[in-house]
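*Asks:* This structure is in structure tokens; I'll ask about it shortly.
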Amino acid sequence: MSVQNEWKLREMMCEIGRRVYAKGFAAANDGNISYRLSEDRVLCTPTRVSKGFMKPDDLCIIDMDGKQVSGKRKRSSEMLLHLTALKARPDMKSCVHCHPPHATAFAVAREPIPKCVLPEIEVFLGEVAISPYETPGGQKFADTILPYVKDTETILLANHGTLTLGTDLEDAYFKTEIIDAYCRILILAKQIGRVNYYGDDKAAELIKLKPNLGIPDPRLTRGLENCDLCGNSLFREGYGDFSPEPRVFVHPKLMNQATPSGETSTCGCSAGGAEAKASSNGHAAGPNIDSLVQSITDQVMNALNGSAK
Ligand SMILES: [Zn+2]
């Protein structure tokens with residue numbers, strides 16, 4: 001890579017840092033950003049510097065083992081997370097890790113990101129995973145993303161923050177902006193009192209648009225395009241023991257699955273979801289009370305309407 005091109009990338013990384021800080025995604029010196037320069041060189045942000053006020057020569061270069069190659073400042077301690085993600089995804093060049101408040105609120109609540117609410121989320125983010133909690137900084141923490149990062153570029157780190165991957169610096173950053181805006185809208189809609197969802201057929205329409213936009217989606221390659229797209233998460237089974245259940249944002253079809261007349265999955269993905277049972281992590285997996293009340297009210301009203309005919 002030419003000196004000029006590397007300098008442009010350094011300037012762009014500082015610009016992304018300014019956006020991360022200006023949006024309130026990283027308090028004080030929080031957050032870190034990386035970009036793969038070549039097979040064994042990664043440009044990254046230094047430790048103990050506010051991401052809003054970096055200069056191009058504050059940045060560090062490390063190898064794929066995390067060893068610092070150049071830079072007057074010490075590299076961020078979170079770089080093992082970035083390197084683990086970049087090694088697992090040779091198709092990705094950049095990672096952004098920070099603590100955007102609305103997305104981090106979901107990571108703290110361990111509430112899965114609901115699907116079938118906003119069409120742009122389906123297209124530009126696809127499925128979002130939550131990786132299990134681990135003390136930040138070490139390889140054990142970095143490895144928590146491994147089961148998920150193969151199939152998504154947007155991961156909530158439980159009780160911590162977000163990690164997004166992109167084909168360039170801005171692509172990685174945009175995913176952070178999109179997930180935080182989405183989480184903010186969800187929280188606001190919940191405060192108004194109701195979240196409405198569209199159905200599997202509409203989700204399938206959106207997912208089928210993705211190849212034309214050059215956006216891959218593992219659900220297409222696995223033949224899940226007509227499957228239980230709004231209900232069960234791709235990340236429910238086979239991704240480890242950690243599978244947080246939806247408690248606050250529950251698609252109505254998951255409510256229906258708890259009833260004998262509820263629709264069941266007709267394809268390979270597993271049914272289940274928000275039935276009132278204890279999950280493997282010991283938490284009650286039932287739907288939240290206002291959704292339950294709404295469901296019962298609907299059933300009563302249907303019964304009354306039926307008997308009035
Ligand atoms: Zn962090």
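*Asks:* For residues in region 134-157 being within 12 Å of the ligand (Cβ to nearest atom) and in a loop (DSSP other than H, G, I, E, B), which is farthest from residue 105 (Cα to Cα)?
*Replies:* Once the filter is applied, the top-ranked residue is 137.
*Asks:* Taking region 34-73 as the search range and keeping residues that are open to solvent by 10 Å² or more (accessible area, probe 1.4 Å) and of a type in the set (Val, Ile, Thr), which one is nearest to the ligand (Cβ to nearest atom)?
*Replies:* Result: 47.
*Asks:* Between a first residue in region 98-121 that is among the small types (Gly, Ala, Ser) and a second residue that is more than 16 Å from the ligand (Cβ to nearest atom), which pairs have beta carbons less than 6 Å apart while being 6 or more apart in sequence or on different chains?
*Replies:* 103/183
*Asks:* Identify the single condition in (1) open to solvent by less than 40 Å² (accessible area, probe 1.4 Å); (2) within 16 Å of the ligand (Cβ to nearest atom); (3) touching an Asp or Glu at 6+ places or on another chain (Cβ under 7 Å); (4) closer than 20 Å to residue 179 by Cα that residue 26 does not satisfy, given that it satisfies every other one.
*Replies:* Every condition holds for residue 26 apart from (3).
Conditions tested, residue by residue: (1) part of a loop (DSSP other than H, G, I, E, B); (2) not small (Gly, Ala, Ser).
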| site | (1), (2) |
| --- | --- |
| 90 | yes, yes |
| 95 | no, yes |
| 112 | yes, yes |
| 126 | yes, no |
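*Asks:* Is there any pair with a first residue in region 134-151 that is closer than 15 Å to residue 79 by Cβ and touching a residue at least 24 places away in the same chain (Cβ under 8 Å) and a second that is among the hydroxyl-bearing types (Ser, Thr, Tyr) and within 16 Å of the ligand (Cβ to nearest atom) whose Cβ atoms are under 7 Å apart and which are 6 or more apart or on different chains, and what are they?
*Replies:* Pairs found: 137/77; 141/135; 142/84; 143/84; 145/84; 145/131.
*Asks:* Right, another one. Just give me the residues in region 181-240 being assigned to a helix (DSSP H, G or I) and charged (D, E, K, R), in sequence order.
*Replies:* Selection gives 184, 190, 200, 201, 202, 205, 208, 219.
*Asks:* A further question on this structure: Looking only at residues that are under 13 Å from the mean Cα position of the chain (by Cα) and either within 16 Å of the ligand (Cβ to nearest atom) or surrounded by fewer than 22 Cβ atoms within 10 Å (Cβ to Cβ) (or both) in region 180-202, which one is nearest to residue 107 (Cα to Cα)?
*Replies:* Checked region 180-202; the qualifying residue nearest to residue 107 (Cα to Cα) is 180.
*Asks:* Given the condition in a loop (DSSP other than H, G, I, E, B), charged (D, E, K, R) and more than 17 Å from residue 163 (Cα to Cα), answer yes or no: does some residue in region 78-87 qualify?
*Replies:* Checked region 78-87: no residue is in a loop (DSSP other than H, G, I, E, B), charged (D, E, K, R) and more than 17 Å from residue 163 (Cα to Cα).
*Asks:* Tell me which residues, restricted to region 92-108, are over 12 Å from the mean Cα position of the chain (by Cα), more than 13 Å from the ligand (Cβ to nearest atom) and either open to solvent by less than 20 Å² (accessible area, probe 1.4 Å) or basic (Lys, Arg) (or both).
*Replies:* 92, 93, 94
*Asks:* I'd like the full set of residues that are within 14 Å of the ligand (Cβ to nearest atom) and over 10 Å from the mean Cα position of the chain (by Cα), limited to region 162-179.
*Replies:* none
*Asks:* Condition first: more than 16 Å from the ligand (Cβ to nearest atom), crowded, with 19+ Cβ neighbours inside 10 Å and of a type in the set (Val, Ile, Thr). Now tell me which residues in region 117-133 satisfy that.
*Replies:* Result: 117, 121, 128.
*Asks:* Does residue 49 satisfy being of a type in the set (Val, Ile, Thr), in contact with a helix residue (DSSP H, G or I) (Cβ under 7 Å, 6 or more places away or on another chain), touching a residue at least 12 places away in the same chain (Cβ under 8 Å) and in a loop (DSSP other than H, G, I, E, B)?
*Replies:* Criteria met by residue 49.
*Asks:* Could we say that residue 76 is within 12 Å of the ligand (Cβ to nearest atom) and either polar (S, T, N, Q) or surrounded by fewer than 24 Cβ atoms within 10 Å (Cβ to Cβ) (or both) here?
*Replies:* Yes, satisfied.
*Asks:* For residue 31, state whether it is open to solvent by less than 50 Å² (accessible area, probe 1.4 Å), touching a residue at least 40 places away in the same chain (Cβ under 8 Å) and within 16 Å of the ligand (Cβ to nearest atom).
*Replies:* Taking the combined requirement at face value, the residue satisfies it.
*Asks:* What are the pairs, 6+ residues apart or on separate chains, where a residue within region 155-179 that is open to solvent by less than 10 Å² (accessible area, probe 1.4 Å) and aromatic (Phe, Trp, Tyr) has its Cβ under 7 Å from a residue that is modelled with pLDDT of 95 or more and more than 12 Å from the ligand (Cβ to nearest atom)?
*Replies:* 173/16; 173/19
The values are calculated or read from the model by the stated rules, or taken from the named source; none is laboratory data. This structure is a prediction, so every number in the text was calculated from the model and none was measured. Quick reminder, even Gly has a Cβ in these numbers, built from the backbone with ideal geometry, and neighbours come from all protein chains shown. The area values use the complete protein model at the heavy-atom level, side chains included, leaving out ligands, DNA and RNA. Shrake-Rupley method; radii C 1.70, N 1.55, O 1.52, S 1.80 Å.
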